[in-house]
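Worksheet for the structure shown next.
The values are calculated or read from the model by the stated rules, or taken from the named source; none is laboratory data. Model, not experiment: these values are computed from the prediction. Cβ placement follows ideal geometry from the backbone for every residue including glycine, while neighbour counts extend to all protein chains displayed. The accessibility values were calculated without ligands, DNA or RNA, using every heavy atom of the protein model including side chains. Shrake-Rupley method; radii C 1.70, N 1.55, O 1.52, S 1.80 Å.
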Amino acid sequence: MVRRSGRRPGNQDTKQSILESARTVFAEAGFDKASVRAIAAAAGVDPALVHHYFGTKEKLFLASMNSPINPAELIPEAMAGPREQAGERLVALVLRIWDSPAGVAAVALMRSAMSNEWTARLMREFVVTQVLRRAIAELDIDEKEAPIRAALVATQIGGLAMIRYLLKVEPVASAPPERLVAAIGPTVQRYLTGDLPGVFDA
């Protein structure tokens, strides 16, 4: 990683420099291990300036991803309700976002992740730390089971996004959202809270 020396004044160039440094640090270290101090050092600014522009590390991460949504606001809403219907609500949320104007940015991000290693790393961190981890936490799932359950949910959500929005395979590409929720929701629910024979056997 190239380290920049000196301190930068508060301007648009500084903000962009922080974002570029954040993408590098997040991709190299992952969201959990990345620190605002390390990002500030890479950008050649004081950590206080990072907080001034972006607030928390999570908000900086979302900005560095050009994320059209804030999972911290949406996931709790989707998970609120009967536990046995969480899978359907999560699929419905994903479809609502991807079918909205914000979905254009999401599709572009996923397409980029397919061909760019750095974007793929950032995309993985986003899905794991900002979406799946939040969903799992809302359902109070055993921490030992959480990683595999989250990864299995990702196979369904990621596969759905790929088939519907990138490859546009019919009839999934043009199917009404409620039909996909009914078809895929129960599988996501099983991955979240159901029995997974053989997965947790010693």
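Would you check if Ala150 is touching a Leu at 6+ places or on another chain (Cβ under 6 Å) and part of a helix (DSSP H, G or I)?
Against the criterion (touching a Leu at 6+ places or on another chain (Cβ under 6 Å) and part of a helix (DSSP H, G or I)), Ala150 qualifies.
Which pairs have Cβ atoms under 7 Å, sit 6 or more apart or on different chains, and link a residue in region 28-40 that is over 14 Å from Thr129 (Cβ atoms) to one that is part of a helix (DSSP H, G or I) and of a type in the set (Ser, Thr, Tyr)?
Within 7 Å, the pairs are Ile39/Ser21.
Of all residues in region 165-187, which are modelled with pLDDT under 95, out of contact with any helix residue (DSSP H, G or I) (no Cβ under 6 Å at 6 or more places or on another chain) and open to solvent by less than 70 Å² (accessible area, probe 1.4 Å)?
Listed by number, the list holds a single entry, Leu166.
Any idea how many residues of region 179-202 are assigned to a helix (DSSP H, G or I) and either in contact (Cβ under 8 Å) with a residue 24 or more places away in the chain or among the aromatic types (Phe, Trp, Tyr) (or both)?
13
Restricting to helices (runs of 4 or more DSSP H) lying wholly in region 1-119: which have 1 or more residues that are aromatic (Phe, Trp, Tyr)?
Because the criterion is at least 1 residues that are aromatic (Phe, Trp, Tyr), the helices (runs of 4 or more DSSP H) in region 1-119 that meet it are 12-29, 47-54, 57-64, 86-98.
Hey, among the residues in region 77-91 that are of a type in the set (A, V, I, L, M) and crowded, with 18+ Cβ neighbours inside 10 Å, which one's farthest from Leu62 (Cα to Cα)?
Taking the candidates together, the pick is Ala86.
Are any residues in region 41-69 within 22 Å of Arg134 (Cβ to Cβ) and among the hydrophobic types (A, V, I, L, M, F, W, C), and if so, which ones?
Phe54, Leu60, Phe61, Leu62, Ala63, Met65, Ile69
Say we look at region 7-47 and pick out the residues that are open to solvent by 60 Å² or more (accessible area, probe 1.4 Å) and under 23 Å from the mean Cα position of the chain (by Cα); which of these is modelled with the highest pLDDT?
The selected residue is Arg37.
More than 23 Å from Arg124 (Cβ to Cβ), modelled with pLDDT of 85 or more and out of contact with any Cys (no Cβ under 7 Å at 6 or more places or on another chain): does that describe Arg4?
no
Of all residues in region 48-64, how many are open to solvent by less than 10 Å² (accessible area, probe 1.4 Å) and among the acidic types (Asp, Glu)?
Residues that pass the stated criteria total 0.
Just name the residue that is farthest from Leu152 (Cα to Cα) out of those in region 72-93 that are charged (D, E, K, R) and out of contact with any Ser or Thr (no Cβ under 8 Å at 6 or more places or on another chain).
Top of the filtered list is Glu73.
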